[in-house]
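Notes follow once the structure below has been shown.
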């Protein structure tokens, strides 16, 4: 798969859209133009199950007439189609209500520096090669143990894209990026029934991916360790969230300090700026300039320059997560988070996973959560879970069919340690998280 991404063509399309917006009387406008292409192959039990190619282009434009705004989009990048799209947006704007907080982000906040963050690494992998890799990955899992007798498949994906964001401040931002992944999900049988588990890797550069052999074998080991699962007695126990699911805890933090939740007053962390919400050793910060990282960017979705910044320092909430609209609603300044946070990093301590278990002594390791039982308004947390029972500082046996419950405020303040087994396969970087206690229902 190798379809060239030509950002100069996308830039021309953006320029046409902005010119048309001015021509049709808009006082301001912004446009995003993107082109993405990719290949995805899934192999199951040695047969090709799906083979998908995609090649998509699109343009979205937002026009402002004072405080009135409207948007329209198209997948046709011919000049006449772009003109029609802008015309449609301008037509819609005549029927929308003015909003005093609407508008482009302030011109003074636009990014002026565009460092190379090493986000684009083309992988010229053919469909045949991708199938071969997926088959090797799945077979490596089957070869680990005869108890691995079924599969939900191994998948190889490779995607690349280019994007232009431009607005009538004169800002033009251009980015190209790639994302490659390899995953495998396997099934094993025992007297209690079937268990499934998986493993995967994802990277900007295919050369950084774990091997097909390693991923297949890890998926098999993860699946086998879940066999002969037991239930657990209801009680209050210490809980360690394994590194691969620990980012979900901090996504709840981000949801609670996001501008929309704050101005709607629908968050348990309303008015908590400057207050202690974690133990003193917790440091949470954004690192938008990490090379090859999945959350790196020089500017956000509005062209505002990103910055390395503290969100929580010494346990105290230092900042919210705002775009320019929510910032205006709150009488604050945007934090360059239109589109989300950039490499949210939770600093880890000295303990590896084995040392965390030893320090905890007795309790539960959670490796999977299920359901949607988190209420950001109240902070109440209740999730179905699977994982392992720990005694004498070591994993004893798998457990399933249990529920963990608490309140996010108590969970955040109850963090005892962050492991140094840092998960880097996403936009949130954290090790395993040990929480002093949660209610566990067997």
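Where a number appears in this text, it was derived from the coordinates with a stated rule and is not lab data. From a predicted model like this one, the values you see are computed outputs, not experimental measurements. Because the Cβ atoms are built from the backbone with ideal geometry, glycine has one as well, and the counts that use them run over all protein chains shown.
A convex hull fitted around the alpha carbon atoms of segment 72-133 yields 230 Å³ per residue. Compute the acute angle (0 to 90°) between the alpha-carbon long axis of helix 79-93 and the principal axis of greatest extent of the alpha-carbon atoms of the chain; round to the nearest 10°. That helix lies at roughly 90 degrees to the long axis. Ranked by the mean number of other Cβ atoms within 10 Å of their residues, highest first, the peptides 251-260, 94-103 fall in the order 251-260, 94-103. Ranking of 270, 291, 317, 10 by neighbouring Cβ atoms within 10 Å, starting from the fewest: 291, 270, 317, 10. Short-range pairs are left out: with C-alpha atoms under 8 Å and at least six residues apart, the relative contact order of segment 229-442 is 30 percent.
Average 1/r across all pairs of distinct alpha carbons in the chain, invert it, and you get the Kirkwood radius: 24.1 Å. To the nearest 10 degrees, how steep is helix 7-23 against the longest Cα principal axis of the chain, on a 0 to 90 scale? Result, in degrees: 50.
With helices as the sole contributors, the chain gives -6500 deg cm²/dmol at 222 nm; each DSSP H run of n ≥ 4 counts as -39500 (n - 2.57), and the sum is divided by every residue. P(r) tail, segment 316-379: Cα-Cα pairs separated by more than 20 Å, 61% of all pairs. Residues 164, 5, arranged from fewest to most other Cβ atoms within 10 angstrom of their Cβ, appear as 5, 164.
Each of 438, 413, 372, 194 has some number of other Cβ atoms within 10 Å of its Cβ, and from fewest to most they run 372, 194, 413, 438. Over all pairs of different C-alpha atoms, segment 204-342 has a mean inverse distance whose reciprocal, the Kirkwood radius, equals 18.0 Å. The calculated FRET efficiency for residue 94 paired with residue 15, based on their beta-carbon distance and R0 = 25 Å, is about 0.50. Taking each residue as 0.36 nm, the span from residue 276 to residue 150 lengthens on full extension beyond its C-alpha to C-alpha distance by 40.5 nm.
By how many degrees, 0 to 90 and rounded to 10, does the Cα axis of helix 212-224 deviate from the longest principal axis of the chain? The answer is roughly 50 degrees.
Fully extending the segment from residue 106 to residue 176, taken as 0.36 nm per residue of separation minus the present Cα-Cα distance, adds 22.7 nm.
Taking every Cα-Cα distance in segment 294-442 and sorting them into 5 Å bins from zero, the calculated P(r) comes out as 2, 8, 13, 17, 19, 16, 11, 7, 4, 2, 0 percent.
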